[in-house]
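Worksheet: one structure, shown below.
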Amino acid sequence: MFELLVASLPFEIQMEFKRALKKGYWSNGMKLTDKQRRSCEQAMFICEGNQQQFLH
């Protein structure tokens, strides 16, 4: 279920996740919680894996 949700994330949301992971906080200034960080990391792992499949 999580993988299906992640696969349908708009590109802008994926970029926000990447930015938040890099900086440690959301664009509104709120710090990422540990749970949010783990969820974003997992989502980005899935997204990047899906993108690699399309490139091959």
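We did not get these values from a lab; they are worked out from the coordinates using the rules stated. Because the structure is a prediction, the values reported are computed rather than measured. Note that we place each Cβ from the backbone using ideal geometry, even for glycine, and neighbour counts take in every protein chain shown.
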Roughly speaking, what is the stretch gain from residue 22 to residue 42, that is 0.36 nm per residue apart minus the C-alpha to C-alpha distance, in nm to one decimal?
-> 5.8 nm
Compute the relative contact order of the chain as a whole-number percentage, counting only Cα pairs closer than 8 Å that sit 6 or more residues apart in sequence.
-> 40
Acute angle (nearest 10 degrees) that the helix 11-23 long axis makes with the longest principal axis of the chain, alpha-carbon atoms = 50
With Cα coordinates, the longest principal axis of the chain makes an angle with the long axis of helix 34-55, in degrees rounded to 10, of 30
Ranked 11, 45, criterion: other C-beta atoms within 10 Å, fewest first = 11, 45
MRE, 222 nm, helices only [DSSP H, n ≥ 4, -39500 (n - 2.57), over the chain, to nearest 500] | -23500 deg cm²/dmol
